[in-house]
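Single-structure report; data block below.
Coordinate-derived values only; no laboratory data. Only a predicted model underlies this, so the values are computations on that prediction, with no experimental measurement involved. Here the Cβ is made from the backbone with ideal geometry for all residues, glycine too, and neighbour counts use every protein chain on show.
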Amino acid sequence: MWRSSFFQRDLLRFFRDHAERVNWYQAVLCGCGSSPGAPANIGCKVCGGLGYFYPSAAVTALAILTAVQQQEVLESAGLIMPGDLICDQPPGAVSLAPWDIIITTWSQGLPFEGSVLQKGAGNSENLPYRATKVYECVQTDPLTGAVTAYADGIDFSVSGKSVTWLGTANQPAEGSLYSMRYNATYEWVVLPPGQVRVERSQDLGPRTALRKRHVVLPNAPALLES
């Protein structure tokens with residue numbers, strides 16, 4: 001928690017020294033409903049039925065990200081849950097709005113429990129997040145107990161969110177399922193409500209909670225720029 005002895009210039013200096021740059025996609029309401037205030041059109045080609053979309057490229061923002069383990073008050077109130085992040089912005093920043101998406105620029109990514117994918121007719125499938133390091137890619141047979149492993153750089157390659165099979169004999173059959181564990185560049189969704197923090201007429205900067213995109217907006221990847 002910020003101490004009352006912090007003044008705005010001290011906060012600005014703190015953010016200058018410790019904040020990181022994140023990529024920020026701003027959510028915009030979609031006008032696909034039948035009338036103002038009506039539910040979104042589930043078949044909308046713009047928002048995919050979410051009710052909002054991301055029409056512009058990401059812009060850069062400054063933020064300090066903190067794990068929820070250090071935010072027990074918010075967690076006990078039910079505003080956040082394990083796995084979420086707290087995002088603090090510098091004084092004077094434009095607040096992140098609910099359903100905006102931010103993406104960290106950490107080159108190493110973070111551990112992800114993995115994805116179950118279905119082998120298509122072509123040579124590639126899409127991952128929910130950009131992969132920075134692949135640990136395992138396997139297929140399991142529940143009837144025989146057999147486990148088939150595939151090698152990164154030999155049987156397949158990964159670039160961004162795309163898995164490409166390299167045409168070897170060792171690859172899943174069309175229509176079958178396989179799983180991949182990897183480090184991911186998470187996309188984080190801004191949760192309502194945000195906090196406006198002012199002390200003694202001093203702007204302390206907004207604070208918001210962030211949740212992994214696949215938990216709350218599993219269909220959002222198609223709405224972001226490639």
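Give the calculated FRET efficiency between Asn123 and Asp10 to the nearest 0.05, with a Förster radius of 45 Å applied to their Cβ-Cβ distance.
FRET efficiency, Asn123 to Asp10: 0.25.
By average Cβ neighbour count within 10 Å, what is the ranking of 181-191, 159-169 from highest down?
181-191, 159-169
Which lysines, on any chain, are close to Lys119 with Cα under 19 Å apart, when same-chain ones fewer than 8 places away are left out?
List returned: Lys161.
Whole-Hz ³J(HN,Hα) for each residue in segment 146-152, computed from phi via Karplus 6.51 cos²θ - 1.76 cosθ + 1.60 with θ = phi - 60°, x for glycine and proline: what do you get?
Once θ is set to phi - 60°, the couplings for segment 146-152 become 6, 10, 10, 9, 10, 9, 5 Hz.
Pull out the extension gain between His18 and Thr168, defined as 0.36 nm times the separation in residues minus the alpha carbon to alpha carbon distance; nm, one decimal. It would help to have the intermediate numbers written out before the result.
Details: separation 150, 0.36 × 150 = 54.00 nm, distance 4.70 nm.
Extending this stretch completely gives an extra 49.3 nm.
Working out 0.36 nm times the residue gap between Leu29 and Val116, then minus their Cα-Cα distance, what length gain in nm do you get to one decimal?
28.2 nm
If you place +1 on the Cβ of every Lys and Arg, -1 on the Cβ of every Asp and Glu, and leave all else neutral, what size is the dipole of segment 79-165 about its Cα centre, to the nearest 20 Debye?
Value, rounded to 20: 180 debye.
Going by average Cβ density within 10 Å per residue, which order do the peptides 130-141, 35-46 take, highest to lowest?
The packing order, highest mean first, is 130-141, 35-46.
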